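Student: First the structure, which I've put down as structure tokens, then a few questions once you've had a look.
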Amino acid sequence: MMMLVTYDVARDEKGEKRLRKVSKILENYGQRVQYSVFECLVDPSQWVELKNKLLKTINPEYDSLRFYSLGANWDRKVEHIGQKETLNPQGVLII
């Protein structure tokens, strides 16, 4: 399933550390499509793991997370226009 995750982390001295941690966690599960927006193609157990890691990292008094479930047929729900076309996570990757 495709999950869209957005975040906003406070920019105080401790917030900078949380911001880097949130970004690093999400980089391990998906691809950045905007500065604080990630598309994560995960199975249900990976989703639970990802969400728990994020919830343990943020401070809900200062930070926020938003989760959008695009489901299994996500490719029909996403339209991109403009620069920086993202990679298809289900496509072929040539290194």
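The values are calculated or read from the model by the stated rules, or taken from the named source; none is laboratory data. The shown structure was predicted, so the numbers you read here are calculated from the model rather than taken from an experiment. In this analysis, Cβ positions are derived from the backbone assuming ideal geometry, glycine residues included, and neighbour counts consider all displayed protein chains. Remember, those area values only see protein heavy atoms, side chains included, never the ligands or the DNA or RNA. Shrake-Rupley method; radii C 1.70, N 1.55, O 1.52, S 1.80 Å.
Student: What's the local net charge at E27, with K and R +1, D and E -1, over the other residues with C-beta under 14 Å away?
Tutor: After counting each charged neighbour, the total is +4.
Student: Then there is this: Taking a 1.4 Å probe, which of E27, E39, E61, E16 shows the most accessible area, and what order do the others take after it?
Tutor: In descending accessible area the options line up as E61, E27, E16, E39.
Student: Using a 7 Å offset from the Cα along the Cα-to-Cβ direction at both Q34 and S69, what is the distance between the two label points in nm, to one decimal?
Tutor: With each label placed 7 Å out from Cα toward Cβ, I get 2.2 nm.
Student: Checking the a/c ratio against 1.5 first, then a/b against b/c, what shape does the Cα gyration tensor give for segment 1-63?
Tutor: Prolate shape, in that a/c is at least 1.5 and a/b is the bigger ratio.
Student: Where Lys and Arg each count +1 and Asp and Glu each count -1, what net charge lies around L65 among other residues with Cβ under 12 Å from its Cβ?
Tutor: +3
Student: Quickly work out the N59-to-K21 label distance, labels modelled 7 Å from Cα along the C-beta direction, and quote it in nm with one decimal.
Tutor: The answer from the label model is 1.1 nm.
Student: Next up: Which whole-Hz ³J(HN,Hα) couplings does segment 57-73 yield from phi under the Karplus relation 6.51 cos²θ - 1.76 cosθ + 1.60, θ = phi - 60°, glycine and proline marked x?
Tutor: Result, rounded to whole Hz: 8, 7, 10, x, 6, 10, 10, 9, 10, 10, 10, 10, 8, 9, x, 7, 9.
Student: Could you please put S69, S36 in sequence from largest to smallest accessible area, using a 1.4 Å probe?
Tutor: The residues order as S69, S36, largest area first.
Student: Provide R32, R20 ordered by accessible surface of protein heavy atoms (probe 1.4 Å), highest first.
Tutor: The most accessible residue leads, giving R20, R32.
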